[in-house]
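Trainee: Take a look at the following structure, please.
The values are calculated or read from the model by the stated rules, or taken from the named source; none is laboratory data. The model shown is predicted, which means the values in this text are computed figures rather than measured ones. So basically every Cβ, Gly included, is an ideal-geometry build from the backbone, and we count neighbours across all protein chains shown. Ligands, DNA and RNA are stripped out before the accessible areas are found, and what is left, the full protein with its side chains, is counted by its heavy atoms. Shrake-Rupley method; radii C 1.70, N 1.55, O 1.52, S 1.80 Å.
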Amino acid sequence: MALLLPSTHSAAGERPLTVDDILKLSHVGRAAARPGSNTFVWEQSPPYDTLGDYGSGDTATWWDSDAEIWTVGPNSTIPRRLFRPLARTTYVLGDFSADGRFLTLLAVHGGKVNLAAYDFRLRRLREYPLAPRAGLFGPDWAWVDNRRLAIAAYPSGDGPWQFTFRRAIGDRLAASWAKSWKGKEPSVDRFDSSADDTIQPLPGRLAIVDLMSGHIQQLASGQFAAPHLSPDGRWLAAVRQSKLPQSSLEHPHLDWTYARSILAVFSLKESPVERDGPTELDVLPDNIEWSPSSKRVAFYAAHAGESLRTGDFWLFDPSDSTAAMIPHTGLSLVSRRARGGPQWPERAVWLKDSLVVFARSTPGQPGTMAFEDIERNGVVDSRVAVLSVPAHWFLLSSNSAPRDLTPGMQEVTPSPVLANGTQFIVVGDGRPWSLDASAPPFRLFPTFDQRLDALANGGEGFFPILGEPGKLARVEMKDGSPALRLVTTSPGTLVLAMGKSGRALAQIGFGKGAELALMGPDGKPEMLGELNPFLDQIAETRWTDFHYANGAGSQRADLSGCLLLPPNYRSGHKYPLIVEIYPDRPGGCGSAQRRNQFAMAARPTAYTEHLLAARDFMVFRPDTGGGISRTDAGPQAALPEVVDRGIDAVLAAGYGDPDRIGLMGFSQGGFASLWVATQSHRYKAVVSLNGWSDLTDSFFGMNWAQELLPTEMSSDGRSETYLTPAGSDWYMGGTPWSVPQRYIENSPLWRSHAVSAPVLLIHSDMDAFDDAAYKSFFTSLYIQKKDARLLIYRGEGHTPSSPANIRHMWENIFSWFDKYLKVKRDSTGAIVLEDRSAAVLRTAH
């Protein structure tokens with residue numbers, strides 16, 4: 001075991017973090033620079049407890065649905081609001097027109113979303129009666145020119161469910177109940193299942209809005225997504241969508257898509273004319289790219305009814321409506337799932353008139369796409385069938401084998417540093433390389449010997465330099481040629497937006513002491529202000545990596561958990577220990593590169609372990625990454641033993657009280673906490689939040705999205721979670737019909753008789769994980785007369801948003817652990833500690 005702990009003593013006058021402190025936090029989201037200027041705009045939330053509405057967002061109000069738009073000009077260091085927000089309205093940042101006159105936004109208010117635009121010339125905000133669809137990576141719109149925007153919009157009166165979901169549920173249920181009580185019209189939702197795969201077009205429209213006049217021109221009716229304008233402005237490509245046909249158990253839908261998508265291309269130069277793409281192909285909306293010449297559009301697609309894994313890249317020529325497939329024979333396309341994204345191939349890139357893809361070499365094999373597991377901190381489950389050969393960039397050709405553009409490299413970035421059609425730059429083995437369609441890769445800046453950290457993100461194309469904290473490097477174009485820009489910054493700097501001549505907006509630090517700054521080309525900052533200055537009076541708690549050995553014969557011999565100590569930790573005293581678990585999660589919480597995720601008060605959240613440390617609990621997150629909990633018996637069958645190894649190591653190192661150990665988990669960790677609680681008696685109290693308890697119920701369960709958004713979500717429960725062989729922590733190898741005993745034996749509900757610790761169950765009525773599973777678990781404990789409590793928060797998603805509910809939740813968590821871990825507190829609320837040596841003496845006598 002190896003443990004290097006920083007000093008945990010707080011400075012004089014500092015106090016512990018509280019729930020009210022979390023609810024005062026402001027945070028910064030997306031940012032942009034006005035083209036050709038040093039004017040910056042960004043999303044910034046007001047202090048969380050000052051919001052007027054906590055009903056936006058599908059899972060919670062935070063996460064970029066609670067922002068105002070701020071700005072700072074080229075000759076100022078005083079930020080101001082770009083415009084006064086409308087009452088009870090928050091905004092999501094879009095992008096600028098090429099001339100910088102218009103800035104697009106989403107305006108979110110009262111469960112409704114509208115397109116909005118700020119006109120810099122007139123200094124005026126205007127809303128438009130269109131609700132843009134929101135894809136996985138942002139609103140579905142594309143600039144046609146400096147004043148017109150092509151938008152894939154919802155039908156009138158609807159809106160992006162990602163922002164309006166909980167509001168829409170409340171409105172719809174209230175309206176249905178009112179119909180029933182009046183007795184004059186039916187209040188019923190209808191769901192159909194059919195063996196026929198009839199095409200059911202989805203409602204919506206594709207339109208062009210003139211931001212100056214407000215005129216809306218409809219190009220076509222129906223649901224569209226992913227509009228892409230050709231470089232010459234002549235063509236607009238998008239996908240026309242219909243409802244997904246029902247999948248079968250023999251061929252489950254595992255593609256991370258929610259509609260069938262057929263390519264459509266519109267001519268914009270004359271009266272708009274639609275050119276249909278091949279109707280037999282189901283297109284992946286997120287992989288559409290125009291050639292630099294605008295003559296062809298590339299897309300990834302599979303034949304209708306087939307899995308995306310069988311797909312290929314295609315080229316479509318809108319001038320004659322012909323399509324041709326570009327084979328990737330001998331390649332296995334890399335999935336974005338390895339980076340935490342969906343099971344989709346990485347984006348293809350045009351290099352002059354050829355297409356380049358990110359893949360692994362499989363000589364002599366047909367072209368495939370890999371199913372992959374998430375790689376976290378370099379840890380991935382070795383049992384997932386993914387090639388061990390490095391992934392490279394390959395040039396595709398219709399009449400020859402793919403050509404490796406990055407031969408011999410061991411680690412290549414899956415996202416290009418630069419790709420503009422004529423120049424293509426990537427980072428390989430820590431160095432920038434220029435790739436050419438007909439020549440070997442050319443190393444840029446050969447006199448620059450340092451290595452770039454390709455796995456880290458300094459923001460806006462900046463890479464940290466390995467071994468040199470506080471230094472960033474960026475490849476940029478200068479007079480048509482690549483140039484390397486080096487800046488020396490404060491550690492923990494994230495560049496948010498780049499302005500004219502290398503001026504940048506940056507966030508320096510995360511959580512306590514985090515500041516916004518303007519940064520010149522030399523990296524010297526001009527401070528705009530501290531984000532949350534009240535945190536200066538709070539004693540900071542920091543995660544530390546805790547290294548320990550795995551069990552003999554394990555596939556990962558060395559593990560690294562995370563340890564969080566109270567702010568005034570004193571060695572030699574026995575602190576209650578909270579074990580916070582989550583499946584397939586490696587350690588690595590203590591590194592400087594991960595402070596944006598793990599720093600105390602890095603952003604508003606309803607769930608943070610730092611609140612437990614502030615209450616003088618020690619918190620340990622065991623390393624469960626790399627699939628080490630999976631066995632032939634089940635996806636998390638070995639989790640109790642894996643967690644025990646970490647706890648034993650922590651106790652052996654002299655941390656924690658073996659007689660006062662609590663267990664806690666949220667989301668998938670909620671399930672994990674119940675699973676472990678059914679198989680171990682070492683825990684004296686359990687808190688389980690927003691998870692589930694029965695795999696069979698989860699497999700078949702219809703969540704709120706599937707119930708109230710049948711046009712968006714198919715009614716197949718969470719079957720994909722249990723049937724996908726990779727990218728999920730819950731692969732069961734079959735359905736509840738084919739392996740029923742496996743589902744029962746791996747479900748906490750069916751082992752609840754073995755629970756010995758008091759259990760606090762916390763859930764929400766609008767969570768994607770149905771709260772019925774926690775109700776069932778509570779009932780099972782109730783009829784066995786075990787100590788338990790169930791809290792269901794109304795109107796909430798995947799964690800509470802309401803400050804009152806958040807306060808109530810933590811009051812119950814604190815009191816639950818205090819009661820059952822036998823915690824004594826003095827009049828100030830500080831824990832009363834027992835000296836470990838004194839306890840040993842008493843035991844000896």
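Trainee: Below 16 Å, Cα to Cα, which aspartates and glutamates can LYS243 reach? Residues fewer than 8 away in the same chain don't count.
Mentor: Within the straight-line cut-off, LYS243 pairs with ASP192, ASP196, ASP197, ASP255, GLU280, ASP282, GLU306, GLU707, GLU712, ASP716.
Trainee: Over the chain, what is the relative contact order in whole percent, taking alpha-carbon pairs under 8 Å and six or more residues apart?
Mentor: Here the relative contact order equals 10 percent.
Trainee: Separate question: Could you pull the accessible area for ASP771 with a 1.4 Å probe, rounded to 10 Å²?
Mentor: 10
Trainee: Moving on to the next point. Given H placed on each backbone N at 1.01 Å, which residues far from PHE462 in sequence or on other chains put an amide H within less than 5 Å of it?
Mentor: Close amide H contacts, sequence-distant or interchain: none at all.
Trainee: With θ set to phi - 60°, apply the Karplus curve 6.51 cos²θ - 1.76 cosθ + 1.60 along segment 554-565 and write out the HN-Hα couplings as whole Hz, x wherever there is a Gly or Pro.
Mentor: With the stated coefficients, segment 554-565 comes to 6, 6, 10, 6, 10, 10, 9, x, 10, 10, 10, 9 Hz.
Trainee: Enumerate the calculated ³J(HN,Hα) couplings along segment 269-274 in order (Karplus 6.51 cos²θ - 1.76 cosθ + 1.60, θ = phi - 60°), each rounded to whole Hz, writing x wherever the residue is Gly or Pro.
Mentor: 6, 9, 4, x, 10, 8
Trainee: I'd like the accessible area for VAL357: 1.4 Å probe, protein heavy atoms, all chains in place, Å² to the nearest 10.
Mentor: Per-residue accessible area (VAL357): approximately 0 Å².
Trainee: Going by alpha carbons, how many degrees (0 to 90, nearest 10) lie between the helix axis of 668-677 and the longest principal axis of the chain?
Mentor: 30
Trainee: Also: Would you mind calculating the gained length between LYS524 and ASP171 on full extension (0.36 nm times residue separation, minus the Cα-Cα distance), in nm to one decimal?
Mentor: That works out to 122.0 nm of additional length.
Trainee: With a/c under 1.5 counting as rounded, go ahead and sort segment 664-735 into rounded, prolate or oblate using the C-alpha gyration tensor (a ≥ b ≥ c being the square roots of the eigenvalues; past the cut-off, prolate if a/b is larger than b/c, else oblate).
Mentor: Prolate shape, in that a/c is at least 1.5 and a/b is the bigger ratio.
Trainee: Still on this model: Would you rank HIS251, HIS763, HIS109 by solvent-accessible area, highest first, keeping every protein chain in place and using a 1.4 Å probe?
Mentor: Numbers: HIS251 135, HIS763 0, HIS109 55 Å².
So, going from the largest accessible area down, we get HIS251, HIS109, HIS763.
Trainee: Sticking with this one: Tell me the per residue accessible area of segment 381-525 using a 1.4 Å probe; a whole number in Å² is fine.
Mentor: Spelled out: the 1.4 Å probe surface of segment 381-525, per residue, equals 45 Å².
Trainee: Okay, next question. Given a 1.4 angstrom probe, what's the average accessible area per residue across segment 711-840, in square angstrom?
Mentor: 44
Trainee: Whose amide H sits under 5 Å from the amide H of ASN146, counting only residues 5 or more places off or on another chain, with H placed in the peptide plane?
Mentor: When sequence neighbours closer than 5 places are left aside, there are no close amide H contacts.
Trainee: As a quick test, which of the pairs LYS269/LYS352; LYS112/LYS775; LYS574/LYS819; LYS512/LYS824; LYS574/LYS785 have an alpha carbon distance above 20 angstrom in this structure?
Mentor: LYS269/LYS352; LYS112/LYS775; LYS512/LYS824; LYS574/LYS785
Trainee: Report, in debye and to the nearest 20, how large the dipole of segment 635-700 comes out about its Cα centre when Lys and Arg carry +1 and Asp and Glu carry -1 on their Cβ.
Mentor: Around 120 debye, computed over segment 635-700.
Trainee: Quick one: Cα centre-to-centre distance for segment 756-777 and segment 660-689, in angstrom?
Mentor: 13
Trainee: Any chance you could run the full-extension gain for GLN365 through LYS269? It's 0.36 nm times the residue separation minus the Cα-Cα distance, nm to one decimal.
Mentor: On the way: separation 96, 0.36 × 96 = 34.56 nm, distance 4.39 nm.
Between GLN365 and LYS269, full extension yields an extra 30.2 nm.
Trainee: Per residue of the chain, what 222 nm ellipticity follows from adding -39500 (n - 2.57) for every DSSP H run with n ≥ 4, rounded to the nearest 500?
Mentor: Values: 13 runs with 120 residues, N = 845.
Value at 222 nm, helices only, nearest 500: -4000 deg cm²/dmol.
Trainee: Related question: So which chymotrypsin sites (Phe, Trp or Tyr not before Pro) in segment 110-168 end up in coil per DSSP with only 15 or fewer other C-beta atoms within 10 Å? Intermediate values should be presented prior to the final figure.
Mentor: Numbers: sites: TYR118, PHE120, PHE137, TRP141, TRP143, TRP161, PHE163, PHE165; in loops: PHE120, PHE137.
When the chymotrypsin sites (Phe, Trp or Tyr not before Pro) of segment 110-168 are filtered for loop state and at most 15 Cβ neighbours within 10 Å, PHE137 remain.
Trainee: Taking trypsin sites (Lys or Arg not before Pro) that fall in a DSSP loop and have at most 10 other Cβ atoms within 10 Å as cut points, what is the longest piece of the chain between them?
Mentor: That gives 270-784 as the longest site-free run.
Trainee: At what distance in nm do the modelled label points of LEU651 and GLN555 sit from each other, each positioned 7 Å from its Cα along Cα→Cβ?
Mentor: Placing both labels 7 Å beyond Cα along the Cβ direction yields 2.8 nm.
Trainee: While we're here: Could you pull out every residue, at least 5 positions away or on a different chain, whose amide H is within less than 5 Å of the one on LEU444? Hs are placed 1.01 Å off N in the peptide plane, and Pro or chain starts have none.
Mentor: Excluding prolines and chain starts, which carry no amide H, the hits are TRP433, SER434.
Trainee: With unit charges on the beta carbon (Lys/Arg positive, Asp/Glu negative), name the residue among CYS562, ALA225, LEU535 whose Cα is farthest towards the positive pole of the charge dipole of the chain.
Mentor: So the residue furthest toward the plus end is LEU535.
Trainee: Which percent of the accessible area of the chain is formed by carbon and sulfur heavy atoms (probe 1.4 angstrom)?
Mentor: Roughly 51 percent, rounded to a whole number.
Trainee: Here's something else I'd like to know. Taking θ as phi - 60°, what are the ³J(HN,Hα) couplings along segment 18-26 by the Karplus curve (6.51, -1.76, 1.60), each to the nearest whole Hz, with x for Gly and Pro?
Mentor: 10, 4, 4, 5, 4, 7, 9, 5, 10
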